[in-house]
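Throughout, read-outs are computed from the coordinates displayed, never taken from laboratory work. All values reported here derive from a predicted model rather than from experimental measurement. Don't worry about glycine lacking a Cβ; one is built from the backbone with ideal geometry, like all the others, and counts go over all protein chains shown.
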Amino acid sequence: MNPPLIAVLNGPNLNMLGTREPEKYGRATLDDVEALCAETADELGLAIDFRQTNGEGELVTWVQECRGRAAGIIINPAGYTTTSIALLDALLAVGLPVIEVHITNIHRREEFRHHSYVSKAATGVIAGLGIRGYALAMQAMAGLLEDAEDPDDDE
Ligand code: DHK
């Protein structure tokens, strides 16, 4: 049987990780994030489809394409977190477990970063733990998928 596929979707400017405001986002690159996700997925028996785009429409299309294809979505919506009702609607439409990840603690930053439309569709949110947040999201997703398989099992 194929391992469950988790879409790991990244929004605008995350392609610049490593050189972008390293005092906030750290020195790891997006390739490092992908390698971390791939390694964690492997340990958990999951597969990943890891992507980044600067375009809101493309992100919406990728979310739509997850229906019937992916078991869950891990998303760092970056700048679209606070603006995109279209992204929220797409996430609600596909009806998959969603974990929202932010590298920085958005609640310690400017007020305009505090509100997330995406959170309305997210099962959980991880913020402020650096790129480690992606690995934690992967672990949480594995747990959610297990719970969905075995709803009566409390462990
Ligand atoms: C990344 C961005 O690009 C910002 O627009 C968000 C988020 C924070 C992050 O912490 O990963 O406000």
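Values computed for the structure shown
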item: Residues in region 8-22 that a label on GLU65 would reach, taking backbone N under 14 Å of a point 7 Å out along Cα→Cβ; result: 8-10
item: Among 72-79, 143-150, the order from most to least packed when residues are scored by Cβ within 10 Å on average; result: 72-79, 143-150
item: Cα centroid separation, region 1-27 to region 92-107 (Å); result: 13
item: Farthest toward positive dipole pole in the chain [+1 Lys/Arg, -1 Asp/Glu at C-beta], among LEU88, ILE6, GLY18; result: GLY18
item: For q = 0.11, 0.13, 0.17, 0.22 Å⁻¹, Debye-computed log10 I/I(0) when each Cα of region 1-99 counts as one equal scatterer; result: -0.33, -0.46, -0.77, -1.16
item: Under-5 Å amide H pairs with LEU5, H placed in peptide plane, nonlocal only; result: ALA47, ALA71
item: Farthest positive-ward along the chain dipole, Cα basis, beta-carbon charges - from PRO97, VAL118, GLY45; result: VAL118
item: Crossing angle, helix 85-94 versus the chain [Cα axis fit, 0-90 degrees, rounded to tens]; result: 10
item: Computed over region 74-155, Kirkwood Rh from alpha-carbon pairs, angstrom; result: 13.4
